[in-house]
Every structure is written in C-alpha cells, then in structure tokens.
Amino acid sequence: MYLELVYNQHESEAKSFFERFHGDQECYYQDDLRVLSSLTKKEHMKGNETMLDFRTSKFVLRISRDSYQLLKRHLQEKQNNQIWNIVQEHLYIDIFDGMPRSKQQIDAMVGSLAGEAKREANKAKVFFGLLKEPEFDVPLDDEDEEGENEEGKPKKKKPKKDNVGSKSKKQDPNAPPQNRIPLPELKDSDKLDKVMNMKEAARRVRLGPECLPSICFYTFLNAYQGLTAVDITDDSSMIVGGFADSTVRVWSVTPKKLRSVKTAADLSLIDKESDDVLERIMDEKTASELKILYGHSGPVYGTSFSPDRNYLLSCSEDGTVRLWSLQTFTCLVGYKGHNYPVWDTQFSPYGYYFVSGGHDRVARLWATDHYQPLRIFAGHLADVTCTRFHPNSNYIATGSADRTIRLWDVLNGNCVRIFTGHKGPIHSLAFSPNGRFLATGATDGRVLLWDIGHGLMVGELKGHTDTIYALRFSRDGEILASGSMDNTVRLWDAVKAFEDLETDDFTTATGHINLPENSQDLLLGTYMTKSTPVVHLHFTRRNLLLAAGAYSSQ
C-alpha cells in the first residue's frame, strides 16, 4: 500500500500511512520497514530490488478455512470492498482444513520476507536416503601405528557401523537411484581412504547425554587480518582460514608438514616404479606448517577442502571462486559467474561438484572441470548467505537473508522445499548424517530443526544470544553442536529432538506440528570461550569436536 501511494506520487499520504501503521508490525520486520521508509519518491523505486520483490511476489498467509470465512464475512458486513481487493491483489491466502493454529505455532513459522511457504512448495518427493556404499574388502588386521600415520579420508560421512566392514547391503528405500546424477568414480587412493575411515570408525566414541564429546578449540590469535572463514579436512589433518586481507592460509594440525611437489626437472629424475614414489615426488625443502595462498582481491568469505584433500575452494568479495591445488599450493582456476560478493562455497561429499552462493541472490552448481556453472538455483529474494550439500549429493540447501531456507534438486535445478520460521538472515546449515533432517541457525540466535521428507519444522532450540555461525552433527548423529557469536559452543541431544515425532498425515496436510518447548531438556552443555566467537565446528572421525574462531579483544 505504502509503495502504491509513493508510486502514484501521494508522498505526504504515504508518510502518514507509514507512521500510523509501522508500529503494529512484528519486530522481525524492522529491517524491511527500514528499507521501505527510505523509498519516499517515485525516482527511488527505479531498479530497487525490494520494490521488485514486493511487486512481483505475493505475501503468503496460511490460515484455516474457518478464519478465512470469518475475515471475508467481517469485511463484507463492513462494506470494505477496497480492503478485500487489496487482500486479493497482494496476499496469497493458503487455506487449510481443520483447527486454526495456536499463536505459538504461527509465531514459529512466520518471519520471512514473503510470508510463509505455500504448502504446495513442500509437497514434492525428496530422496533423502543415503547412497549405497561401494563394496570392497576391508583388511581386518588392526595395525595401530599404520592407522595413526596414514592419512585417511572418506568421501562421505557414514552412518553407524558396528564392526569394521559390516556395511548395510540393503538399498535405503528413500535413497535416490545410484546413477541419478553422475558421480566421480572411486580412485584407488579413495578406496584406501575409505578403509582407513572404517578403521577409525571402529574406534569411534559413541556419544550421548551420558557421554559428551571432548572439545578442542583452535583460537586464531593476533588475527589482525580478520578471520572470515574456516574449514577442516574430514580426517582433521589440515585447517584453513579465509581472511579479510584476501589471503587464504592453510595449516597442518598434525606433526606432518605441508610439502609441495618437486619441480618438473626434478620429477623427471624419479624412478616411477619404486614403491615410495608418492613420497619421493614431494619436495622436503618446501616443508612448513603454514602455506599462504595469494590471489583474491577481497575478503575471503568461504573455504572448503575437497574430500580427497587434493584441492581447496575459496570464495571472496571479489566475485570469484578459486580452486587451489594442495599439491603445489597454487591457484588452478578462477570461476567467474557471480558479479558480486560470494558468501559461501562447499564441495560435494563425493568431490568434483561444488556449490556457491552470493549477493546476486542465486546459488550456482559447478564442476571442477567446467568454467561455467552447471545449474543456477534462482528464487531467493535476498543474498544467498550459506550453502550445503545433502550427504547423498543429490540436493543442495541454501540459506538466505530473506529469512528462508530452500532445498534444491541438483538433477533439474528445481526448488523442492521452502522452510520459513527464522526471524533473521540464515548463516549456518547442517544435514544429519542419515540425510533425514536439517538444522539451521540464524542471526535470531535460534536453531531450527526440519524434517526434509515431510517438509515440516520439528524443533526449535533456544539458548544462544547472538548469530549462530556454525552447526555440526556428530558422526553418528546423536549430538548437534552449535557455535555462535555469543562466544559459546552448545551441545544438543539430537536423538531426543527427533524421536517420536508426530508426523502423521494430518500434520503433513496442514503443514504444522505442535512444537514442544523443550530447549532446556535438549541442551546437554554450554561451553564458553574467553572471548572468541565460534566460526566453525567439526567432528573428527572418532567424535572429538573441533571448534575454531578468532580471539577478539573487545
């Protein structure tokens, strides 16, 4: 209404209309109202993104049939035809049968820029199951010292294994077909990594309310460059930091130093048949604990190691995503597609594919050997602030400053889920290891839990007092860890949060569920840092929790 008044140049009426009604809006619309209040003349509207959003998308309101009939009757009795016309023109009313929702249920779901998601948006079938693991023999000899020295790395976070090699041979009924999207073939080194991972998994600590993980915190001291992103390899051997001074810094966190491959001239002298050829190609003279990668021309907002630890991705304010070799510590490719800052990037759990999301409101799917994106996921109404691959690599979740989370199908680029409920921009996403659930964190300090199959919010974890920048499930999914700008790491009981959910046909049809107010029961522990916001969390293969952030002196 305000925009219509301004557009038709009734500026003083628009101002008094705004002043009269802006106080009635919920607190989480303050940012939107601030943007609106700055649009006071028709000229301001040209090319304004917010203006386009409001004019092209209807605000979605989900109400029960009874409430809808009452509203209609009320307006007809009062002869308020104008208001009824405005309602029909600017609102999409999603009517459901059955009981109206409680205030608490409504408050839990609202807050996004364009209202709630239409129920149709969450009806498509999602293959949330895990892909079947390839079968190969695992040597059962338990050589401890070998297990400690060799670097191992799975292509995937795996579900529980009782003993080494006892894999579930059955196909998960909710899994996508194995060949639904082409995945890279396993190399011999990958198979070795998988074997290593299984050996580690056999020694994994089973976590639970009675057995909480130890937490090892990596504090970046004197980080005057401004730490903006962190990632840790799956085998926990390397950690990378992205900084506001445009550098990417890679550290080894094991006694094994980082080494580059020898020069071409030196490589030609090596006996390629020897058993230790992989050792001989490395140049001892280059061994160091830290490597600095130069190339970006703006703060580095996202970093991601490839599952095989040969490559590293970084994305920056300069609008590019760069692929670095961890053999030579040089930049191999710069992917240009986003013309604006790129806020996040992540490798697929199987390598080869990666996703990026940025200020241009879209997420892009890339393959390392294509210089153009394979898919463009468009639909968010504001910046795409974080991106995550589903464990089966067939789906990608994106969180946005429009306060919604979307799930996209990699195969055809369609949006298959829209989740609303956060009251601020989303900054962290984590899939449960079994692929069924998604946890999301935002500037509102709440962690929301979603059932992907039914498309429902199933939990709300309150406790943090500032933006949640890191979320991670333990290896077997028993515990959810969250890290925040409030300088704490919190551990939540994920098993209890997801058990006995009442997702019957009725709740799925109406699209809401009775959320238990049980944050305090689910909170297993709160761990304060001295003065370090938590930027990243990572569970090692044995379920030790690693956390990272930069010390801030304020």
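Restricting attention to the range 382-433, the residues that are assigned to a loop (DSSP other than H, G, I, E, B) and among the hydroxyl-bearing types (Ser, Thr, Tyr) add up to 2. Going by what's in this entry, would Ser356 be described as open to solvent by less than 10 Å² (accessible area, probe 1.4 Å), polar (S, T, N, Q), in contact with a Lys or Arg (Cβ under 6 Å, 6 or more places away or on another chain) and under 26 Å from Asp193 (Cβ atoms)? Spelling it out, Ser356 is indeed open to solvent by less than 10 Å² (accessible area, probe 1.4 Å), polar (S, T, N, Q), in contact with a Lys or Arg (Cβ under 6 Å, 6 or more places away or on another chain) and under 26 Å from Asp193 (Cβ atoms). Figure legend. Inter-residue proximity from the range 351-363: first residues closer than 13 Å to Gly399 by Cβ, second residues in a loop (DSSP other than H, G, I, E, B) and aliphatic (A, V, I, L, M), beta-carbon distance below 8 Å, spacing 6+ or different chains. Indicated pairs: Arg361/Leu381; Arg361/Ala382.
Of the residues screened, Asp318 is not one that is within 25 Å of Ile418 (Cβ to Cβ), in contact (Cβ under 8 Å) with a residue 12 or more places away in the chain, of a type in the set (Asp, Glu) and assigned by the TED database to the domain that holds Phe437. Name the residue, out of Asp271, Asp283, Asp275, Asp266, that is in a strand (DSSP E or B) and at pLDDT below 75. Matching residue, one of Asp271, Asp283, Asp275, Asp266: Asp283. The lone criterion from (1) in a loop (DSSP other than H, G, I, E, B); (2) within 19 Å of Ser474 (Cβ to Cβ) left unmet by Tyr224 is number (2). Out of Tyr335, Tyr340, one residue alone is without any contact (Cβ under 8 Å) to a residue 40 or more places away in the chain and part of a loop (DSSP other than H, G, I, E, B). It is Tyr340.
Comparison of Asn434, Asn412 shows that the only residue that is in contact (Cβ under 8 Å) with a residue 40 or more places away in the chain and out of contact with any strand residue (DSSP E or B) (no Cβ under 7 Å at 6 or more places or on another chain) is Asn434. Look through Ile396, Ile418 and report the one residue that is out of contact with any His (no Cβ under 6 Å at 6 or more places or on another chain) and open to solvent by less than 10 Å² (accessible area, probe 1.4 Å). After applying the criteria, what remains is Ile396. Regarding Asp231, is this residue surrounded by 15 or more Cβ atoms within 10 Å (Cβ to Cβ), modelled with pLDDT under 90 and in the same structural domain as Val300 (by the TED database)? Judged against the criteria, Asp231 is not a match.
The values are calculated or read from the model by the stated rules, or taken from the named source; none is laboratory data. Because the structure is a prediction, the values reported are computed rather than measured. Ideal geometry is used to build each Cβ from the backbone, glycine not excepted, and the neighbour counts take in all protein chains shown. Heavy atoms of the whole protein, side chains included, go into the accessibility calculation; ligands, DNA and RNA do not. Shrake-Rupley method; radii C 1.70, N 1.55, O 1.52, S 1.80 Å.
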